[in-house]
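Structure first, commentary second.
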Amino acid sequence: MLFIVTTYLCLGLLLYFLLGGADFGAGIVELFTSRKNRSRIRTTMYHAIGPIWEANHMWLIIAIVILFVGFPKIYTVMSIYLHIPLMIMLVGIIARGTAFVFRHYDAVKDNMQVLYNSIFEYSSIITPLFLGIIAGSAISGNINPEADKFMEAYVWSWLHWFSVAVGLFTVTLCGFLAAVFLIGEATDVYDKQRFIRKARHFNIAAVICGALVFLAAYKQEIPLLNWLFGNAVSFIALMAATVSLGLLWYLLRKGKSKILRFLAGFQVSMILLAISFSNFPDFIIIKNGTNISLWSSQATASTINALGWALVIGSIFILPALIYLIYSFQKHQINEH
Amino acid sequence: MNDLLAARSQMALSLGFHIIYACIGMVMPFFMAVSHYAWLKTNNGIYKNLTKAWSKGVAIFFATGAVSGTMLSFELGLLWPRFMEHAGPIFGMPFSLEGTAFFIEAIALGFFLYGWDIFNRWFHWFTGVVVGISGLASGILVVAANSWMNSPSGFTFRNGQYLDIDPVKAMFNDAWFTQALHMTIAAFAATGFAVAGVHALMILRRRNIVFHQKAFTIAAIFGTLAALVQPLSGDISAKDVARRQPAKLAAMEAHFETEEAASLVIGGLPDEKNRKVDYAIKIPGLLSFLVHGNFKDEVKGLNDIPVQNHPPVLITHFAFQIMVGLGTFMMLISVIYFLVLWKKREMLFSRWLLTLFVLATPLGFIAIEAGWTVTEVGRQPWIIYGIMSTADAVTPMPGIAISFGFFAAIYLSLSVVVIYLLYRQIKMVPQLYDKPENITNKTI
């Protein structure tokens with residue numbers, strides 16, 4: 001059962017990163033589009049993510065519930081030492097989710113839309129930025145339960161070059177995922193060209209931010225290179241991501257949306273796999289080396305069993321419905337109002 | 001403000017905010033489904049418009065409820081890490097099932113909101129019903145988790161260790177049924193009265209009368225039915241609390257001394273220092289009757305409970321009085337409404353009756369907030385009743401007061417925006433839903 005629960009946890013996080021990431025990215029793409037084209041992007045985006053957007057942040061909730069039920073130590077350590085970035089991320093999630101609904105369901109379309117839009121766009125950057133900062137902090141080894149000063153325990157745990165670089169890298173990846181996703185949703189050739197251009201820009205930005213992550217890791221003596229090249233799985237995953245990069249640029253020129261989507265998702269998954277495999281099953285790396293791993297922090301067997309069954313039974317209900325939902329709206333035009 | 005008080009205030013604020021959205025989000029789909037059913041059966045376009053208008057309300061409330069719920073799943077850890085470290089594996093079962101229920105609700109809502117004219121009409125209707133049922137299931141599961149804090153079970157507590165964990169037993173603890181029943185009925189009563197009140201106001205203002213009359217009737221029937229049965233579930237709850245948490249019951253009733261033939265204290269100002277209640281109405285023997293079913297038996301007072309385990313009496317007592325008072329008032333309105341419905345149908349939309357409903361618009365939600373205050377404040381000083389104190393559970397991070405202020409500002413502005421949005425939705429009803437054929441019916 002532990003295996004099942006861990007698989008769900010990893011899947012939940014991966015799907016949140018891919019689907020939620022594309023969702024955040026849509027807001028980022030919107031922000032980096034000239035004002036006169038923004039309303040077109042909004043329409044495309046609404047059609048693309050409207051029906052499934054409620055489902056997207058469910059992946060995060062599932063991951064969190066698995067953590068606090070099955071691996072309470074991980075949940076509490078993160079809650080205590082990453083309190084501040086978690087809060088900022090939450091504010092981002094709230095602001096973004098409500099602004100998205102408000103701008104659509106406000107019966108009167110007037111100046112309030114400007115406010116909703118800017119809240120939506122900026123929180124679309126802040127949320128993945130802090131998501132990345134949190135992820136970066138968890139593996140940076142800067143979390144220090146022995147710290148007795150406020151700044152050391154609660155601020156320097158997450159505010160450092162490495163985590164910020166990972167945060168920026170996350171933002172660019174989200175923008176990239178969204179742009180690639182939107183290529184297939186574009187309704188005319190100009191929009192399509194625009195999204196292809198955006199995908200290229202965000203891809204370049206991601207490569208630059210990725211380099212920043214390496215620099216920061218080098219500066220803070222985080223053995224990132226060793227993690228990535230020290231074992232076969234990470235190395236192969238990283239190579240696969242690099243090879244697919246070349247293929248991706250070639251396909252971008254052709255504008256083949258379906259394969260592109262798959263490839264972009266594949267690439268991001270490979271990057272996540274490369275980085276998490278070498279540390280697995282360690283989840284949080286602690287300053288003094290007493291790392292918190294999935295195995296060491298697991299709850300008792302009865303809890304893990306109950307959780308595993310709940311997840312399996314839940315999926316039997318959820319997956320067919322979710323697949324049918326996505327399938328239906330890929331087939332039909334949205335018809336609301 | 002010390003960190004413990006700030007953390008408690010932030011939790012109270014977040015829950016207080018979430019409860020309203022969650023209640024509306026889980027009850028309104030049923031109103032929507034009834035109206036939708038009426039449309040499918042009668043082909044009367046007004047019902048279709050009403051369904052669509054309500055579904056927009058559901059979407060707004062669902063989204064706000066979803067993000068505030070996401071918030072809470074993090075806040076449990078951010079504010080109470082010591083609690084979650086031990087409690088998570090024990091009372092997590094309902095949360096993991098709630099995740100499923102909530103996911104299904106989100107999927108069904110996607111089908112419902114975006115599925116007009118795409119799917120088979122009855123499949124589309126069914127997805128709306130699924131939104132309601134899964135919403136209700138989520139609500140019940142979350143209340144089951146809360147009830148575990150009042151009635152911890154499914155583990156053995158030995159030398160500070162939580163052993164022999166049985167998550168299923170923890171979920172079906174002694175308090176889950178009474179609490180879930182009381183909360184579910186409360187959600188229907190509060191939402192029914194709130195929605196009916198808004199539509200009553202529109203009828204009084206003579207806007208789209210037929211539209212609002214239909215809406216009013218559906219909401220009022222749900223709300224009044226719930227308000228009529230609520231006192232029964234309240235009675236079950238009170239007996240249960242008296243058995244499990246005598247300190248909470250004593251605080252609710254401001255019952256300071258253990259006595260036989262205990263009197264029921266209505267209103268009044270509890271004086272915790274001198275152990276008495278000033279200016280209260282006392283009905284001899286009634287408390288014994290309500291708790292034990294006869295007028296003689298002994299009811300445990302606060303004097304038999306160690307002082308360090310007393311909940312705050314003033315707040316718990318006041319909150320309880322507000323809840324019971326408002327509940328009784330809503331029950332009376334419901335009796336009147338059913339009398340009118342049964343005997344004098346021509347008075348169903350009379351001015352005085354509608355005015356009564358307009359006045360009652362917020363009452364159900366005030367009663368819900370008061371009721372949760374009773375449950376949560378009445379459990380203090382414990383976070384897990386009899387096992388872990390709230391003070392031991394709070395985060396070691398200082399400066400929670402700042403975060404409290406910050407979240408207060410966020411919730412306040414969100415509430416303002418939601419009210420503003422609903423106001424605009426309602427104001428736009430004539431432009432959005434007035435079809436020529438409806439206007440002719442306007443004169444009643």
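Each reported figure results from applying straightforward, stated rules to the coordinates on display, with no laboratory input. Keep in mind that what you see is a predicted model, and the values were worked out from it rather than measured. Reconstructed Cβ throughout: ideal geometry from the backbone, glycine too, with neighbour counts over all protein chains shown.
Summary of values
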item	result
Calculated P(r) tail over 16 Å for the range A:226-337, as whole % of Cα pairs	76 percent
Cα→Cβ-extended label distance, 7 Å offset, between B:Arg424 and A:Leu245, nm	4.4 nm
Unsatisfied cross-links (Cα-Cα over 30 Å) in the set B:Lys56/B:Lys344; A:Lys256/A:Lys331; A:Lys219/A:Lys254; B:Lys41/B:Lys427; B:Lys239/B:Lys282; A:Lys73/B:Lys273	B:Lys56/B:Lys344; A:Lys219/A:Lys254; A:Lys73/B:Lys273
Residue list for the range B:215-244, given a label point 7 angstrom along the Cα-to-Cβ vector of B:Ile305 and an amide N cut-off under 17 Å	B:237-244
Chain A, helix-only ellipticity at 222 nm - DSSP H runs n ≥ 4, -39,500 (n - 2.57), divided by all residues, nearest 500	-26000 deg cm²/dmol
Stokes-Einstein D for chain A, Kirkwood Rh over Cα pairs, 37 °C, 0.692 mPa s (µm²/s)	157 µm²/s
Cα-Cα pairs of the range A:76-119 separated by more than 16 Å (percent)	48 percent
Label-point gap, in nm, between B:Glu260 and A:Ile208 - each point 7 angstrom along Cα→Cβ	8.6 nm
Distance between modelled label sites at A:Phe3 and B:Asn43, nm, 7 Å Cα→Cβ extension	5.9 nm
Residue among A:Cys174, A:Gly314, A:Ile275 farthest towards the positive dipole end of chain A, charges placed on Cβ	A:Cys174
Three semi-axes of the equivalent ellipsoid, the range B:30-136, Cα gyration tensor, whole Å, largest first	35, 13, 10
Residues with amide H under 5 Å from that of B:Ser389, placed H, sequence gap 5 or more	B:Ile383
Hull volume in cubic angstrom per residue (convex hull over the Cα atoms of chain B)	154 Å³
Rounded to 5, percent antiparallel among DSSP beta bridges of the protein assembly as shown	95 percent
Rounded D (µm²/s) - the range A:277-337, Kirkwood Rh over Cα pairs, Stokes-Einstein at 37 °C, 0.692 mPa s	212 µm²/s
Gyration tensor (alpha-carbon) shape descriptor, the range B:1-93, a/c threshold 1.5	prolate
Under 20 Å from B:Lys296, Cα to Cα: aspartates and glutamates that are on another chain or at least 8 residues apart	B:Asp235, B:Asp240, B:Glu253, B:Glu257, B:Glu259, B:Glu260, B:Asp304
Longest to shortest principal axis, alpha-carbon extents of the range A:117-255, angstrom	59, 43, 19
Alpha carbon convex hull of the range B:264-304, volume per residue in cubic angstrom	68 Å³
GNM top mover of B:Lys300, B:Lys52, B:Lys273 - chain B, alpha-carbon springs below 10 Å	B:Lys273
From phi via Karplus (6.51, -1.76, 1.60), per-residue ³J(HN,Hα) for the range A:126-140 in Hz, x at Gly/Pro	4, 4, x, 4, 6, 4, x, 4, 5, 4, x, 5, 4, 9, 7
Whole-number percent relative contact order across chain B, with pairs defined as alpha carbons under 8 Å at least 6 apart	19 percent
Cα convex hull volume per residue for the range A:72-159 (Å³)	93 Å³
With eigenvalues of the C-alpha gyration tensor scaled by 5 and rooted, the range B:370-423, Å	30, 18, 6
Value of [θ]222 nm, deg cm²/dmol, for chain B, DSSP H segments ≥ 4, -39500 (n - 2.57) each, nearest 500	-25000 deg cm²/dmol
Rounded to 10°, Cα long-axis angle of helix B:121-150 versus longest principal axis of chain B	10 degrees
10 Å-binned pair-distance histogram of the range B:143-222 (Cα, whole percent)	18, 27, 17, 15, 13, 7, 2
Order by protection proxy (mean Cβ within 10 Å, highest first), peptides A:277-284, A:92-99	A:92-99, A:277-284
Cβ-Cβ FRET estimate between A:Ala301 and B:Asn2, R0 fixed at 30 Å, reported to 0.05	0.15
Stokes-Einstein diffusion coefficient of the range B:61-110, Kirkwood radius over Cα pairs, 10 °C, 1.306 mPa s, in µm²/s	133 µm²/s
For the range B:146-212 and the range A:69-139, distance of Cα centres in Å	27 Å
Three semi-axes of the equivalent ellipsoid, the protein assembly as shown, Cα gyration tensor, whole Å, largest first	45, 37, 21
The range A:64-79 residues near the modelled A:Ser315 label - backbone nitrogen below 15 Å, point 7 Å along Cα→Cβ	A:66
Crossing angle, helix B:363-377 versus chain B [Cα axis fit, 0-90 degrees, rounded to tens]	20 degrees
Student exercise, the protein assembly as shown dipole from Lys, Arg, Asp, Glu Cβ charges, in Debye to nearest 20	3000 debye
Angle in degrees between helix A:257-279 and the longest Cα principal axis of chain A, rounded to the nearest 10	10 degrees
Largest to smallest principal axis extent of the C-alpha atoms in the range B:166-323, angstrom	60, 47, 30
Residues A:His47 and A:Tyr324, FRET efficiency given R0 of 22 Å [Cβ-Cβ distance, rounded to 0.05]	0.75
Alpha-carbon centroids, the range A:278-337 and the range B:20-65: separation in whole Å	31 Å
